[in-house]
Amino acid sequence: MSDTKEAKERLFTSLYDAHVDEIFRYVYYRLRNREEALDVVHVVFAKFWQYIETGKEVEYPKAFLYRSARNTLINAVRDRKENISLDELAEGGFEVAYQEEDREELERQAEVVRGLQDLDVQYREILLLRYVDGLKVKEIASLLNENENTVSVRIHRGLAQLKKIYGQN
Amino acid sequence: MDKIKQQFKDEAKSVHLVARERDSIREAILGNELEKLVPAQPSPFSFLLNPQWNRLVPIAAIFLFIIAGVPITNAAQQSVPGDFLYIFEVAVVEEIELHLHFTAESKNEYHLERLHERLDEIHTIREKSDVLNDYAPVVVREVAEHTEEVLRFGEMQDSKSDVDELVELSALVEAHETFYERVIPDGGEAFAGVSDRVSQEIVLEVDAYVAENTSETVLMEISADIDAISLDQDARQSSPLESFIDARLTEVAEEITTKDLGGALLVTSDIRIELLKRDLLERENGS
């Protein structure tokens, strides 16, 4: 690990650029609220930067980020129930100065996320894990504490339901 | 079907950050955000936490008694995070107090009391956010040390009460972990090692308990745990914890069906830890 601040910033920036979109997707599809998802991503990468800044070696950055995202997401959902804002948890949030041209893109993405709600919840999570997060059937089974056969069946049924939804649209 | 998969994948992956969001988050982390994390003015006694100086603590204690006597020691005992004498309390006064406990049981109780005291200080931390960064490393070190001492005491014992004590210890550590996770980036991660250590001990103790007892005894223990949890749950109707408890109790039933009594006992222990942790944090919220 390089020890100058510039080198650490370069390392952080390259890993941030490589993974920030997939972490954002992971969170946004589950929270279904863009602002909250941005706050979670902020918390996750702030922790990641602190880790790098202290000079610790990050052997598997992707696994580190997913684990951190999952924990922050769980806390966010719990705290949402208890009416604690993520801004408070993040020690102050941040403002995005959106321009007019961003609005159309944000609305399109919100439509994609809303569209996913047409899928039954039992299929939605499994299809996201399989085709968006790229997990293998065995990994999904382990994560959800289900057997592999159940996961495979749900993937198959989920795809069948997707086919109907796409057919209707 | 491949076409459906591809369409789903393409649509789902078309969700991403717009450039301005991406830049704002990066700037918040590498720019102004870091300035907020610069530690507050350190206590003049911070050097006592350094292991190199730590050996001088007994000498400092004697020096304190000779020079200043009881009033300053008392003032240190009353101090809270951010006070001038706080680090002195943690590094010196509490060390002296520990040496005034002569039996293993009494020392063990003292360590547990200190873990509760660190948690009791949470409301002060909330009010004095400027001391947070100075204080957090002290707490991590303190929690790790007291937890290690309690675990060491537990290793000398030989009874089911070990699991109950470990449940209390785990809840205390997790309460710290949850609180610092909320108030400081990476705050919870710092407790992960201590937390894992206690979890491992619980697994070992539960395994030993199941191996040493008949199925009937273990089932009675599980049943007693479920009764206690159900009583607790009655008081939590409609709270966010209700569905969590229901789901975990279903797991207990599944473990019993598959005759994995150790697994069932671990799940009931997990539920008790979560309930106790919530109570500890709620108590601090209310104080």
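With a 10 Å Cβ neighbour count serving as the proxy for reagent exposure, in which order, fewest first, do B:L169, A:L129 appear?
Values: B:L169 23, A:L129 20.
So the ranking, lowest neighbour count to highest, is A:L129, B:L169.
Relative to the longest principal axis of chain A, what angle (0 to 90°, nearest 10) does the C-alpha long axis of helix A:5-31 take?
The helix A:5-31 is inclined about 30 degrees to chain A.
For segment A:1-64, what are the per-bin percents of Cα-Cα distances with bins 5 Å wide, up to the bin holding the maximum?
Reading the bins upward from 0: 4, 18, 28, 22, 14, 9, 5, 1.
Please arrange B:F8, A:F64 by how many other C-beta atoms lie within 10 Å of their C-beta, fewest to most.
Lowest to highest Cβ neighbour count: A:F64, B:F8.
Take the residue pairs A:K5/A:K136; A:K47/B:K3; A:K8/B:K277; A:K136/B:K259 and return only those whose Cα atoms are more than 32 Å apart.
Working: A:K5/A:K136 37 Å; A:K47/B:K3 39 Å; A:K8/B:K277 37 Å; A:K136/B:K259 29 Å.
Beyond 32 Å: A:K5/A:K136; A:K47/B:K3; A:K8/B:K277.
For helix A:34-53, what angle does its Cα long axis make with the longest principal axis of chain A, in degrees from 0 to 90 and rounded to 10?
Between the helix axis and the principal axis of chain A, the angle is about 40 degrees.
Would you tell me the mean number of C-beta atoms belonging to other protein chains that fall within 10 Å of each C-beta in A:43-54, as a whole number?
Counting Cβ atoms of other protein chains within 10 Å of each residue's Cβ and averaging gives 5.
Using Cβ contacts closer than 10 Å as the measure, can you line up B:V139, A:V113, A:V40 from fewest to most? Write down the numbers at each step before the final one.
Values: B:V139 23, A:V113 19, A:V40 27.
If I rank by nearby Cβ atoms, fewest first, I get A:V113, B:V139, A:V40.
For chain A, what is the charge dipole size about the Cα centre, in debye to the nearest 20, if Lys and Arg each add +1 at the Cβ and Asp and Glu each add -1 at the Cβ? It would help to have the intermediate numbers written out before the result.
Numbers: 26 positive and 32 negative charges, 218 e Å.
So the dipole magnitude of chain A works out to roughly 1040 debye.
Summarise the partner chain shielding of A:153-162 as one whole number: the mean count of Cβ atoms from other chains within 10 Å of each residue's Cβ. Intermediate results must be reported in sequence, preceding the final value.
Details: counts 0, 0, 1, 1, 0, 2, 5, 2, 1, 6.
Counting Cβ atoms of other protein chains within 10 Å of each residue's Cβ and averaging gives 2.
Quick one: net charge around B:E251, please, counting Lys, Arg +1 and Asp, Glu -1 for every other residue with C-beta under 12 Å from its C-beta. Each step should come with its number before you reach the end.
Details: positive: B:R248; negative: B:D246, B:E254, B:E255, B:D260, B:D270.
Result for the local shell: -4.
Over the alpha-carbon set of chain A, divide Rg by the Kirkwood Rh and report the Rg/Rh ratio to two decimals. Write out the running numbers ahead of the final one.
On the way: Rg = 18.0 Å, Rh = 17.9 Å.
Checking Rg against Rh, the ratio lands at 1.01.
Taking the mean number of other Cβ atoms within 10 Å as a proxy for protection, how do you rank A:146-158, A:50-62, A:25-37 from highest to lowest? Working shown, then result.
Numbers: A:146-158: 15.5, A:50-62: 13.4, A:25-37: 20.2.
Result, highest mean first: A:25-37, A:146-158, A:50-62.
Once the Cβ-Cβ distance between A:L106 and B:R141 is put in as r, and R0 is 45 Å, what FRET efficiency do you end up with, to the nearest 0.05?
Values: r = 45 Å, r/R0 = 1.00.
That gives a FRET efficiency of 0.50.
Which angle from 0 to 90°, rounded to the nearest 10, does the C-alpha axis of helix A:148-168 make with the longest principal axis of chain A?
Once rounded, the angle reads 80 degrees.
Report, largest value first, the span of the C-alpha coordinates of segment A:95-159 along each principal axis, in whole Å.
48, 23, 14
We did not get these values from a lab; they are worked out from the coordinates using the rules stated. As the structure is a computational prediction, the values presented were derived from the model and not from experiment. Cβ atoms come from the backbone with ideal geometry, glycine included; neighbour counts cover every protein chain shown.
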